[in-house]
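Here is the structure we will look at, set down as structure tokens.
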Amino acid sequence: KIKTDLDLRGEGFKFEHSPLGEDIRFLVIPCGPYKNFMNDKETCKKLFDVLADENNYPIYYHCWGGADRTGTLACMLGVALGMCEKDTLLDYEITSLSVWGDRNRVSDLYKSFLEELESYEGETFEDKIMSFIYSCGITEQQLDKIRGILLDR
């Protein structure tokens with residue numbers, strides 16, 4: 001019963017409609033992973049705009065392997081929903097079970113993400129993520145809508 005196929009890749013595949021079916025809303029919003037995700041605030045805002053619209057649900061969002069671009073968005077979304085750093089990190093590291101190989105807290109990719117995150121206000125990982133989210137123009141009202149949809153509030 002998926003309503004929206006949100007493709008984060010942008011390169012390689014140029015489908016006219018979702019491979020899941022012609023009746024599925026197909027959105028291609030290319031984004032980069034980790035530091036590159038954070039350097040494109042306009043795209044982050046677009047993604048959260050999609051997530052804040054209950055008419056889009058259920059949403060299937062993905063990239064090539066579900067680890068980097070998808071994982072970065074999942075981290076942002078997870079923190080906005082109340083996940084702690086430990087749980088978002090464990091969620092990220094479990095993507096090591098994919099064909100894409102090891103993803104862990106000591107990888108250069110993850111470290112670059114953390115280094116970029118340091119430029120945002122806040123004492124904790126969660127505070128810095130939220131500071132980044134707000135810097136993209138995402139409002140508390142939008143976040144409340146997302147929480148209401150995903151947390152059954």
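Evaluate the following for GLY101: is it open to solvent by less than 60 Å² (accessible area, probe 1.4 Å) and in a loop (DSSP other than H, G, I, E, B)? Yes; evaluated as a whole, the condition is true for this residue. Given the condition within 15 Å of LEU117 (Cβ to Cβ) and modelled with pLDDT under 95, answer yes or no: does some residue in the stretch 48-70 qualify? No; the residues of the stretch 48-70 include none that is within 15 Å of LEU117 (Cβ to Cβ) and modelled with pLDDT under 95. Only one of the numbered conditions (1) modelled with pLDDT of 95 or more; (2) within 15 Å of THR72 (Cβ to Cβ) is not met by GLY122, and that is (2).
Of everything in the stretch 32-65 that is part of a strand (DSSP E or B) and either under 22 Å from ASP144 (Cβ atoms) or touching a strand residue (DSSP E or B) at 6+ places or on another chain (Cβ under 6 Å) (or both), the residue that is least open to solvent (accessible area, probe 1.4 Å) is ILE59. Of MET83, MET76, all but one fail to be at pLDDT 95 or above, open to solvent by less than 20 Å² (accessible area, probe 1.4 Å) and closer than 23 Å to GLU118 by Cβ; the exception is MET76. Within the stretch 114-136, the set of residues being touching a residue at least 12 places away in the same chain (Cβ under 8 Å), more than 15 Å from PHE37 (Cβ to Cβ) and part of a loop (DSSP other than H, G, I, E, B) comprises THR124 only. The lone criterion from (1) open to solvent by less than 60 Å² (accessible area, probe 1.4 Å); (2) among the charged types (D, E, K, R); (3) more than 15 Å from the chain's Cα centre (by Cα); (4) closer than 27 Å to ASN56 by Cβ left unmet by ARG147 is number (3). Out of the stretch 2-56, which residues are in contact with a helix residue (DSSP H, G or I) (Cβ under 6 Å, 6 or more places away or on another chain) and free of Cβ contacts under 8 Å to residues at least 24 places away in the same chain? Listed by number, the list holds a single entry, ILE29.
The values are calculated or read from the model by the stated rules, or taken from the named source; none is laboratory data. Model, not experiment: these values are computed from the prediction. So basically every Cβ, Gly included, is an ideal-geometry build from the backbone, and we count neighbours across all protein chains shown. Side chains included, ligands, DNA and RNA excluded: accessible areas come from the protein's heavy atoms. Shrake-Rupley method; radii C 1.70, N 1.55, O 1.52, S 1.80 Å.
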